[in-house]
Amino acid sequence: MSPAAITGIGAYAPRFRIDAEAFEDAWGQFQASGVNEKAVPGADEDSLTMAYEAAARALEAAGTAPESVGWLAFASSRPPLDEGELTPRLGAMLALSDATAGHSFAGSTRAGTRALRAGMDALESDAKTALVVAADAPRGAPDEDVDHAAGAGAAAFVLESEGPATVVDRGTYAAPYPGTRFRETGSDETRGLDVTGYDRRAFTETIRGAVEELEVEPEPDAAAIQAPDGKLPYRAASAAGVGADAIRACATVHDLGDLGAASVPVSLADALASGRDSILAVSHGGGAGADAFVLEADGEVPVVSALEGDGPLSYAEYLRRRGVVTSGPPSGGGAYVSVPSWRRSLPQRYRLEAGRCVECDALSFPPSGACTDCGALAEYEPVRLTGEGTIEAATTISQGGAPPEFADQQARSGDYAAVIVALEAESGETVSAPAMGTDADPSAFAVGDRIETTVRRIYTQEGVTRYGFKVRPA
């Protein structure tokens with residue numbers, strides 16, 4: 001096996017949190033042992049938007065130009081679509097080349113490490129730079145342990161042939177254990193048969209098997225072990241050949257919950273961010289199988305991380321953000337924008353591509369029609385905006401005030417800010433554009449405040465989710 005190196009890491013978790021006490025108040029018990037609180041995706045977040053957040057940070061950390069990425073992987077046990085290629089959207093959001101080879105991994109909490117393994121194989125062939133992204137937000141029935149533990153988060157890795165953290169060995173193992181953690185076709189909820197001894201054997205046998213397949217005997221100072229809850233990783237410590245302290249050194253499950261396919265990747269990112277020199281990473285997927293990796297770090301690994309959260313939600317707020325207690329979109333529909341029309345605007349919505357008038361040099365956003373300064377109808381020269389700017393006007397859209405296409409999201413997230421922002425080009429010029437606020441209460445958006453852009457869900461029509469830029473406080 002040729003060594004694969006990690007040259008940059010990005011990690012992300014939604015800002016919303018719910019703690020164990022809120023579940024205990026609602027249900028009389030909390031069925032996720034060892035989880036103190038967990039991350040909750042916002043109404044405009046899903047695994048694809050979280051993947052964007054982590055991947056953009058990984059590219060920033062590595063100092064990698066998006067167009068140099070030759071291989072892209074997106075892994076999730078709960079992608080936004082059961083069928084439909086998502087890597088072209090993620091690649092477009094990140095401004096990767098149209099020729100970048102995209103690969104999707106799903107169907108298991110092991111998908112994140114499957115993607116990492118495939119990325120390493122790609123480096124052995126002809127890919128010079130690979131980007132591997134794992135993002136997930138598991139979901140179960142409200143009264144079951146899967147949902148009590150279910151969190152949300154993402155991690156991304158830039159892989160190259162040389163770098164500060166090297167994968168020196170890897171192993172894999174699988175054995176048939178039907179009925180352990182699965183989601184039936186057409187179902188929105190992950191479940192298991194809750195046969196405790198059977199589930200535990202599947203978990204420990206596959207983890208032990210993957211570690212025994214390693215050619216080196218790891219002596220890690222951190223162990224990133226799959227974490228369906230805050231107790232099971234420690235029960236597998238002997239199977240992995242590590243102590244509880246090594247697991248605790250990078251266990252994100254206690255504060256973020258079960259991250260599904262992103263569980264091991266986020267814990268691995270946390271271990272490297274905290275300067276661990278030797279790391280064992282072992283995933284597990286129901287069914288059942290496991291992957292094991294040994295990483296050695298020689299120097300600091302660049303990491304850009306956003307895993308901190310805000311104050312906890314109440315259980316009622318948690319249900320609302322999941323869409324459990326909302327009534328759905330109102331009758332009458334909304335402003336219709338066809339998918340072909342939306343697609344034509346993706347450079348603006350994903351990458352903030354403005355246009356410079358070739359006659360008078362004025363900037364326009366979006367660049368369409370006649371130049372607003374000189375009236376010329378000539379083609380625009382593309383100009384990428386920086387994603388930063390200043391609020392020029394702000395208002396709050398309260399309940400009942402949103403257009404019908406935004407009503408479902410507003411029912412889940414509450415009031416939101418609508419703003420006019422002066423978006424900046426690298427030249428220092430600005431161009432004004434309307435935008436929706438996210439990641440903060442409407443009161444956090446005021447004239448003169450600095451903002452940054454991100455990519456989120458806008459709305460869904462005809463079953464097709466429209467993604468585009470929103471703004472948040474810088």
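Ala26 satisfies every condition listed in (1) more than 23 Å from Arg384 (Cα to Cα); (2) of a type in the set (Gly, Ala, Ser); (3) part of a loop (DSSP other than H, G, I, E, B) except (3). None of Leu90, Leu81 is assigned by TED's automatic domain parsing to the domain that holds Val132, surrounded by 24 or more Cβ atoms within 10 Å (Cβ to Cβ) and outside any strand (DSSP E or B) except Leu90. For the stretch 234-278, filtering for residues that are under 25 Å from the mean Cα position of the chain (by Cα), surrounded by fewer than 24 Cβ atoms within 10 Å (Cβ to Cβ) and outside any helix (DSSP H, G or I) leaves 4. If you go through the stretch 283-298 and pick out every residue that is of a type in the set (Gly, Ala, Ser), out of contact with any Phe, Trp or Tyr (no Cβ under 8 Å at 6 or more places or on another chain) and surrounded by fewer than 24 Cβ atoms within 10 Å (Cβ to Cβ), you end up with 1. Applying the condition of being of a type in the set (S, T, N, Q) and part of a helix (DSSP H, G or I) to the stretch 338-372 and asking which residue is surrounded by the most Cβ atoms within 10 Å (Cβ to Cβ) yields Gln348. Residues in the stretch 186-202 that are free of Cβ contacts under 8 Å to residues at least 40 places away in the same chain and either in contact with a Leu (Cβ under 9 Å, 6 or more places away or on another chain) or of a type in the set (S, T, N, Q) (or both): Ser187, Thr196, Asp199, Arg200. Quickly run through the stretch 93-116 and pick out the residues that are buried (at least 21 other Cβ atoms within 10 Å of the Cβ) and over 23 Å from Arg139 (Cα atoms). Matches in the stretch 93-116: Met93, Leu94, Leu96, Thr100, Leu116. Could you tell me whether any residue of the stretch 439-454 is touching a Phe, Trp or Tyr at 6+ places or on another chain (Cβ under 7 Å), assigned to a strand (DSSP E or B), crowded, with 19+ Cβ neighbours inside 10 Å and not polar (S, T, N, Q)? Scanning the stretch 439-454, I find no residue that is touching a Phe, Trp or Tyr at 6+ places or on another chain (Cβ under 7 Å), assigned to a strand (DSSP E or B), crowded, with 19+ Cβ neighbours inside 10 Å and not polar (S, T, N, Q), so the answer is no.
Checking the stretch 397-414 against the condition returns a match, with at least one residue being assigned to a strand (DSSP E or B) and out of contact with any Ser or Thr (no Cβ under 6 Å at 6 or more places or on another chain). Mind listing whichever residues of the stretch 322-356 are hydrophobic (A, V, I, L, M, F, W, C), at pLDDT 90 or above and out of contact with any strand residue (DSSP E or B) (no Cβ under 8 Å at 6 or more places or on another chain)? Correct list: Leu346 only. Each residue in the stretch 42-63 was checked for being closer than 19 Å to Pro88 by Cα and either under 9 Å from the mean Cα position of the chain (by Cα) or not in a helix (DSSP H, G or I) (or both), and 11 of them qualify.
Taking first residues from the stretch 142-167 that are within 27 Å of Glu300 (Cα to Cα) and partners that are assigned to a loop (DSSP other than H, G, I, E, B) and hydroxyl-bearing (Ser, Thr, Tyr), the Cβ contacts under 8 Å between residues at least 6 apart in sequence or on separate chains come to Gly153/Thr252; Val158/Thr64; Val158/Thr129; Leu159/Thr129; Glu160/Thr129; Ser161/Ser2. On the basis of being loosely packed, with under 14 Cβ neighbours inside 10 Å and either under 19 Å from Ala335 (Cα atoms) or out of contact with any Pro (no Cβ under 7 Å at 6 or more places or on another chain) (or both), does Leu385 make the cut? Answer is no for this residue.
The values are calculated or read from the model by the stated rules, or taken from the named source; none is laboratory data. Quick caveat, the model's predicted, so the values are computed rather than measured. Virtual Cβ from ideal backbone geometry, glycine too; neighbours counted across all protein chains shown.
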